[in-house]
Every structure is written in C-alpha cells, then in structure tokens.
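The values are calculated or read from the model by the stated rules, or taken from the named source; none is laboratory data. All of these numbers come straight from a predicted model, not from anything done at the bench. Counting neighbours? That spans all protein chains shown, and the Cβs are built from the backbone with ideal geometry, glycine included. Protein only, heavy atoms only, side chains kept; ligands, DNA and RNA dropped before computing areas. Shrake-Rupley method; radii C 1.70, N 1.55, O 1.52, S 1.80 Å.
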Amino acid sequence: MGGTILILVLAISGEPCAALPAEPPSRLEVALLDPGIRSGFLRLFAGVEFGFARFERAAWLLQEPDGPVRFLPWPFLGSYGKAAWPGRMPEGAIAVVHTHPNDSDPRPSTGDAALARRLGLPVLTLSRRSLWVAWPDERTSEIPGTGPFGWAVAGTSLEHE
C-alpha cells in the first residue's frame, strides 16, 4: 500500500528535479511591457517622421531606485544617421534605444553592437519593421512579436537565443 501511494504521488507531482523555477523577468523585460515606455518609443519614432526622415533619435531607459523605468530622450541633433549623448551615462541606465530609418536595415549596426559592448548595456534599434537588440555579449536578436509597429503593442516578450 505504501509503495502504491508513493508511485501515485510521483506520477502526480511529475519530475521535481527536471523543473527549475522560472527566473524573474529582467528590468528590460519589465520596461518593454510598460505602457509609458511603449509611449516613449512611439514619441521617439514620431520624432523621426515615423522612419521616413533620414536622421535618428535616441533615449535612455533608466531604472530609478525602487521605482519605475523611465524614458529619457537624448538631445536632438538633426544629423543624418546619428544620435549622441552629451555627457556621461546617466545613473540607473539599463538600455539605449534609438531609431533606424525605414529604408535602413532594422538590425543593429556594427556601431550599435560596439556601443552595447562599451556600455555593457543592451542597445535597442527601433524601426517600422521591428525592434532588435544588440546585447553586450555580442549577440543580436529580434524581439518576438515586434514586427510592423508591434513594439507599440503591449505583451512583447524579450526572449532571445
């Protein structure tokens, strides 16, 4: 009788050694689900005429201590294919996001990848087609579910390979 109960308990509980607890979401994952951050993405993209302009805009994603993630736009340069921050990286920075024009490759450029490595932060590229990330460890990945303007819709996942 005791052996039967044990077998039933194991069958019901599955394989406890095979299942590890899920990791909590990263600060960037939480930020990408935030409607305020999504709104910031939309404002940033509107600032480049929804990708039709040849210039770029950028912003920091900042994590306040024990507070929400906020969006801090960089000063506008109006320069072709360039955005720049005039100083040190702000306290609490968790990522950089910048736009890519519609007729450009939506994937992170070699410059975007170099910036991610130098800062030790993800660098997101925002385009009409999708949202990509250059990770500090030299990987790049498209954020699933961010195809044409999907980055403006809640529920995007930050899964990457």
- Message: With the requirement that a residue be open to solvent by less than 50 Å² (accessible area, probe 1.4 Å), within 15 Å of GLU56 (Cα to Cα) and not polar (S, T, N, Q), what does segment 105-131 give you?
- Response: PRO106, PRO108, GLY111, ASP112, VAL123, LEU124, LEU126, LEU131
- Task: Scan segment 64-76 and give yes if some residue there is at pLDDT 90 or above, buried (at least 17 other Cβ atoms within 10 Å of the Cβ) and not in a helix (DSSP H, G or I), otherwise no.
- Result: yes
- Selection from segment 100-126 of residues that are part of a loop (DSSP other than H, G, I, E, B) and under 19 Å from GLY78 (Cβ atoms): HIS100, PRO101, ASN102, ASP103, SER104
- Query: farther than 24 Å from ILE143 by Cβ and out of contact with any Ser or Thr (no Cβ under 7 Å at 6 or more places or on another chain) - does that describe any residue in segment 91-103?
  - Reply: yes
